[in-house]
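What follows is a single structure, written as structure tokens, with notes after it.
Laboratory data are not the source of any read-out in this text; all were calculated from the coordinates shown. In this text, all values refer to a predicted model and were calculated from it rather than measured experimentally. Quick reminder, even Gly has a Cβ in these numbers, built from the backbone with ideal geometry, and neighbours come from all protein chains shown.
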Amino acid sequence: MKTIKDYIRTIPDFPHEGIMFRDVTTLFADPRGFRMCIDQMLHPYAGQRIDRVVGLEARGFILGGAIAHQLGAGFVPARKKGKLPGATISQEYQLEYADATIEMHDDAIDAGETILLVDDLLATGGTAEAGISLIERLGGNILGCAFIVDLPELGGRAKLEAMGMDVHVLCEFEGL
């Protein structure tokens, strides 16, 4: 029986030399793999009230939409700067190889709502940390952060757990 890790392909030297890119599009393309992924991401939160799922751009949108549908929850995109049409709040953060900014609509979350944050990959934790900041600024209570892949050598999980976050990952890959 295949595991989540079996569905993920590795592309060497993308987007830069020395990076082993973990491509989850092969997981998304397989109906069994995709269903297994969504089910496993939901499992730790079964039976808990979740008002909204926040998906981090861009693969977090695919996961977040499917998870929100299964939960009967709303979906909120956390997008790159300048991509949302209404009034937004923003948060700058650092990627492994660049600086970036993500935004959410300033009315996307009501104070006191329970939020699940999702994305495909946890590396340094910078994008997730920025998403957490946006959610907290809007008054959301973060139940947990769920990812398909963790790259433990980059320390993202430890960073989020040090912030008091519950972190759920489906698999790990060594290296960058």
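Can you give the FRET efficiency to the nearest 0.05 for Asp166 and Ala46, using r as the Cβ-Cβ distance and R₀ = 22 Å?
0.95
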### Message
How large is the Rg to Rh ratio of the chain when both quantities use alpha carbon positions and Rh follows Kirkwood?
### Response
0.94
### Summary
the stretch 157-176 scanned against label point 7 Å out from Asp6 along Cα→C-beta; backbone N under 13 Å for none
### Query
Sorted by average packing, counted as other Cβ atoms within 10 angstrom per residue and highest first, what order do 15-23, 104-112 take?
104-112, 15-23
### Query
Spin-label point model (7 Å from Cα, Cβ direction): what's the His69 to Thr124 distance in nm?
3.4
### Task
Return the percentage of antiparallel bridges among DSSP beta bridges fully within the chain, rounded to the nearest 5 %.
35
### Message
For Phe75, what residues show an amide H to amide H distance below 5 Å, using hydrogens built from the backbone and excluding near sequence neighbours?
### Response
Val53
### Query
Between the stretch 33-73 and the stretch 8-22, how many Å separate their Cα centres?
26
### Summary
Residue separation between Ser90 and Phe173 times 0.36 nm, minus their alpha-carbon distance, gives in nm 26.8 nm
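Would you mind working out the magnitude of the charge dipole of the chain relative to its Cα centre, with +1 at each Lys and Arg C-beta and -1 at each Asp and Glu C-beta, to the nearest 20 Debye?
Dipole magnitude for the chain comes out near 480 debye.
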### Query
Which value in deg cm²/dmol, rounded to the nearest 500, describes the helix-derived mean residue ellipticity at 222 nm for the chain, given -39,500 (n - 2.57) per DSSP H run of n ≥ 4 and division by the residue count?
-8500 deg cm²/dmol
